[in-house]
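Novice: Handing you this structure, nothing more for now.
The values are calculated or read from the model by the stated rules, or taken from the named source; none is laboratory data. The model shown is predicted, which means the values in this text are computed figures rather than measured ones. Note that each Cβ is placed from the backbone with ideal geometry, even for glycine, and that neighbours are counted across all protein chains shown. These accessible areas exclude ligands, DNA and RNA; they are computed on the full protein's heavy atoms, side chains included. Shrake-Rupley method; radii C 1.70, N 1.55, O 1.52, S 1.80 Å.
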Amino acid sequence: SPDPLEAFDLVCEYDPDPAYVLVGRIGSGCARRANVVLPLLVPWLQAPDPVERREALYATACWAALAGADTPLPPAAFTALRTVAIDDTADLDTRVDCVLGLAAGTDSRDLLADSSAVIRACAALAPAAAGDPRTLRVITEALASTDDCDNWLRDQPPVPFGAGWLKSRLVHAAIRCADRFEQLLPAALSIAATTVAWDADRTWGPLLEAAF
């Protein structure tokens with residue numbers, strides 16, 4: 001069966017700041033140690049200092065995304081991520097972090113109906129959402145947005161994406177959802193209308209390959 005985290009199979013260093021080095025799931029020593037690290041983060045999720053709690057939540061989301069479905073989340077970690085992910089009054093960037101962490105290995109399909117377009121798009125990346133008829137519609141809406149979805153994620157070390165990569169991840173998620181290329185046509189037309197030469201390999205290219 002395909003790796004549920006195929007979208008994260010990437011190693012990229014696009015900034016001299018070590019915090020911006022993204023470690024891919026495949027072959028990553030970090031991912032293989034998620035079962036050790038995640039339980040160690042749990043006490044920090046209840047730290048008295050709100051800054052420590054926020055950083056612990058971000059770290060938990062990152063490690064959960066690396067672990068995927070291979071490592072069950074400690075119940076307290078799942079609850080912390082889930083509580084923020086579904087809270088539409090929480091900071092949007094923090095919600096995005098939590099949804100991306102959950103989507104890698106848990107069923108977050110209920111967030112496909114969230115009021116926020118970016119939350120819906122991140123939930124649609126979940127392998128568990130591939131069979132939901134809403135997923136392809138959410139992806140197509142994101143790709144067709146006049147507000148380029150590549151700008152929806154904040155420009156800092158994301159979970160576990162690089163800024164400007166959301167469109168590519170959505171394309172791959174759309175391909176997972178479709179049995180026939182006809183189902184991908186609305187997404188493909190949106191990509192064809194907006195893609196640029198340097199971007200074609202990671203957006204239009206996979207769609208073209210799926211057509212044949």
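Novice: Does the stretch 47-125 come out rounded, prolate or oblate, given a ≥ b ≥ c as the square roots of the eigenvalues of its C-alpha gyration tensor, rounded meaning a/c under 1.5 and, failing that, prolate meaning a/b above b/c?
Specialist: It is oblate, given that a/c is not under 1.5 and a/b is not larger than b/c.
Novice: Oh, and also: Please arrange ASP179, ASP91 by accessible surface area, largest first, computed with a 1.4 Å probe and ligands excluded.
Specialist: Accessible-area ranking of ASP179, ASP91, largest first: ASP179, ASP91.
Novice: Report the trypsin sites (Lys or Arg not before Pro) located in the stretch 166-205 that are in a DSSP loop and have at most 12 other Cβ atoms inside 10 Å of their Cβ, or state none.
Specialist: ARG180
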